[in-house]
Structures are given as C-alpha cells and as structure tokens.
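This report refers to the structure that appears directly beneath it.
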C-alpha cells in the first residue's frame, strides 16, 4: 500500500478535513486538479444513501502518469491523463462487452464510495494521487489546460452523452434546463453541435453568459408566460437541475416525438403523468455518464471546438466554503481544486 494526502468527509454533517489514506500499489497517477461536483456533496451528506466514512470524493480528476504496472500498454509515464466517474466494471455482462461499462449490469466501480477490486472502498480525487486500471484512464488533449479539463470528466460527458445520443445538431431545437455547472456545458456543446439552443433558467440573471456560451434564446421559467409561449417547441430538453422540477410543465414544451432527458439527479422522486407524454408522443428519459470511448470522444470534440468549462480555481482548504457556495448557486460555473495544495 502507499499513502496519499487527502481531504475526507468523516460524517454526513461534519466539514471535510485533511487526512491521509491508503492506496493500493501499482500505477499511481499524480493529480494536478480535481473538480467539485454536486454529486460529491450529495454523497458525503448521505443524500443518495448511506456510505462508509471516512470518504474522499471527487471524480473529475486530471494529472500526469508517474508510474505504471508491468503490463500497462495504453499509457506511459509523463502522459496527460484524466479519470472520471468510474474506475472499473465487471467486464463480463452484455453492456460491458458492448463497450458500455458505464451501464454495467452488475454496477460499475465508481471512483469513490464503491467497492474496489481489492475489497476496499474506492477513494476519489480530493487527494494527492490515485491508482486506476489503465482501461478507465482517458487521454487529455494537449490543447486543454489541466484545470479546464477536470470538469469535462463529469459535467462534460454527462451533457455530451445525451446530446450525442439524441442527435442534437443542425435543424434540432434543444432546450437546456438550468445554467449551472452542467447546464453551461450543455449550452456550449449543443451550440458546437449546430443545434438551436434555448436556456430555461429560473431567472434572467445569467442571460448574458448564456448568450456568450452559444444560446440562441433565453427564458425565465419563473415567468408563467414562458411555458405558454414555448409549448410544443423542442426536439430535446436536457434537464441539468439536481432538484425537483414540475415535469408536466416541461414535458408540455416538447414537439412531436420530442424527448426530455434528466441528467440532474435529485434525491427526491419525480412524479410523472402518462397523460403528459401521450399528447405529442413525447418521451421521458434519463442519462448517466458516457462510456470510456464516448468520454474520449467528448474530450477530443471539446479540444477541436475549443470548448472549456468556466471555472474558479480554489485551494483545498476552501473546499467546505465551496460546498456552501455550490448549494447557494454562487459559482460561475465550476470549482476546481488545485491538488498541489492538499
């Protein structure tokens, strides 16, 4: 085993604290930066179910390979790499064999709060280094700065995957619900794909940003006339909000055969009426992260189109303050931890 410096949650209610954790040997990847995701907060506060403490979170990880195992062939020491939301899978189920380990039927091994192959609990990227199976390590293009690449490993792929799967592109009208860490990436990516992009946000406070990121239209959902004006309009709606929303109102905005996809993951259940789907043969779906191949595709797409998240770089000692600001929507648009300060 090897020791790593880290920031860990010790309970669902206490602040994260500096600590050391044990990593298994073979192939550590030095971490340069790690992004802060709302999923991190949900997890450490037990909002998605009980977890074992202490727990180190963080699944937006970038850095440089510093050592490799004897049989590693895909990466070499010095490579610029990234690690996202999963670090292993069963490798045997039909989904894994199809290259979709993100939908492993036995449950993929998450980057944190999951059971690692050695039986220990996986610990995430709020640490000085990680150890990851080479098949789940991504190549970070040279044109993407490390600190900008980190959020792409979650926020980037979480929005790219449904946009690609539901064929966002020229001639398609795409609405993005929410203009936070996920939402602003969805706007940038959908715009680069050639879709007509509309932002549906609670207020117009971020309208200038939305237009700058590529939105063609921007509406406040707090205005009752918005839903009347946009009824039966969109081919695809991507809901990035991690809180309950009135699904029926948003479903009414879908055109014939339109689809609303949830990528935000609220702790509460979302009620839905079948009658809300029948009228225009609408569909309601959900999407998780993408496969390793799709994540690499996303990174290359972002490099090609010069897409990067808007970030605020923080030192590790500011993590707890960052959590509170995320909950208040007081960040534009993603915190990234400088792991050198851990």
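The values are calculated or read from the model by the stated rules, or taken from the named source; none is laboratory data. This one's a predicted model, so the numbers in the text were calculated from it and none came from an experiment. All Cβ positions, glycine included, derive from the backbone under ideal geometry; neighbour counts span all protein chains shown.
For the range 61-76, the count of residues that are part of a loop (DSSP other than H, G, I, E, B), within 23 Å of the chain's Cα centre (by Cα) and either in contact (Cβ under 8 Å) with a residue 12 or more places away in the chain or more than 19 Å from residue 115 (Cβ to Cβ) (or both) is zero. For the range 296-341, residues that are in contact with a strand residue (DSSP E or B) (Cβ under 8 Å, 6 or more places away or on another chain), assigned to a loop (DSSP other than H, G, I, E, B) and either free of Cβ contacts under 8 Å to residues at least 60 places away in the same chain or buried (at least 17 other Cβ atoms within 10 Å of the Cβ) (or both) total 4. Out of the residues in the range 215-243 that are closer than 19 Å to residue 333 by Cα and surrounded by fewer than 18 Cβ atoms within 10 Å (Cβ to Cβ), which is nearest to the chain's Cα centre (by Cα)? Top of the filtered list is 243.
Within the range 1-19, the set of residues being assigned to a strand (DSSP E or B), touching a helix residue (DSSP H, G or I) at 6+ places or on another chain (Cβ under 8 Å) and surrounded by fewer than 20 Cβ atoms within 10 Å (Cβ to Cβ) comprises just one member, 18.
Identify the residue in the range 203-214 that is touching a strand residue (DSSP E or B) at 6+ places or on another chain (Cβ under 7 Å) and touching a residue at least 24 places away in the same chain (Cβ under 8 Å) and, among all such residues, is surrounded by the fewest Cβ atoms within 10 Å (Cβ to Cβ).
Here the residue is 214.
Identify, from the list 164, 150, 113, the residue that is outside any strand (DSSP E or B), under 30 Å from residue 217 (Cα atoms) and not assigned by TED's automatic domain parsing to the domain that holds residue 232. The match here is 150. Residue check: residue 171 meets all listed conditions (1) in a loop (DSSP other than H, G, I, E, B); (2) more than 22 Å from residue 74 (Cβ to Cβ); (3) out of contact with any helix residue (DSSP H, G or I) (no Cβ under 9 Å at 6 or more places or on another chain); (4) assigned by TED's automatic domain parsing to the domain that holds residue 18 but one, namely (4). Taken residue by residue, the range 259-274 has at least one member that is surrounded by fewer than 17 Cβ atoms within 10 Å (Cβ to Cβ), touching a strand residue (DSSP E or B) at 6+ places or on another chain (Cβ under 7 Å) and either free of Cβ contacts under 8 Å to residues at least 12 places away in the same chain or not in a strand (DSSP E or B) (or both). Looking only at residues in the range 275-293 that are free of Cβ contacts under 8 Å to residues at least 60 places away in the same chain and part of a helix (DSSP H, G or I), the one that is nearest to residue 132 (Cα to Cα) is 277.
Just one of the listed residues (175, 195) is buried (at least 23 other Cβ atoms within 10 Å of the Cβ), at pLDDT 95 or above and more than 19 Å from residue 221 (Cα to Cα), and it is 195. In this structure, does residue 124 turn out to be closer than 27 Å to residue 8 by Cα and in a loop (DSSP other than H, G, I, E, B)? Yes, satisfied.
Tell me, please, whether a residue that is under 27 Å from residue 193 (Cα atoms) and modelled with pLDDT under 90 can be found in the range 249-261. Within the range 249-261, not a single residue is under 27 Å from residue 193 (Cα atoms) and modelled with pLDDT under 90. Just one residue in the set 35, 82 is within 14 Å of residue 137 (Cβ to Cβ), touching a helix residue (DSSP H, G or I) at 6+ places or on another chain (Cβ under 6 Å) and surrounded by 21 or more Cβ atoms within 10 Å (Cβ to Cβ); that residue is 82.
Condition (residue is in contact with a strand residue (DSSP E or B) (Cβ under 6 Å, 6 or more places away or on another chain), in contact (Cβ under 8 Å) with a residue 40 or more places away in the chain and within 23 Å of residue 2 (Cβ to Cβ)) applied to the range 34-49: is it met by at least one residue?
yes
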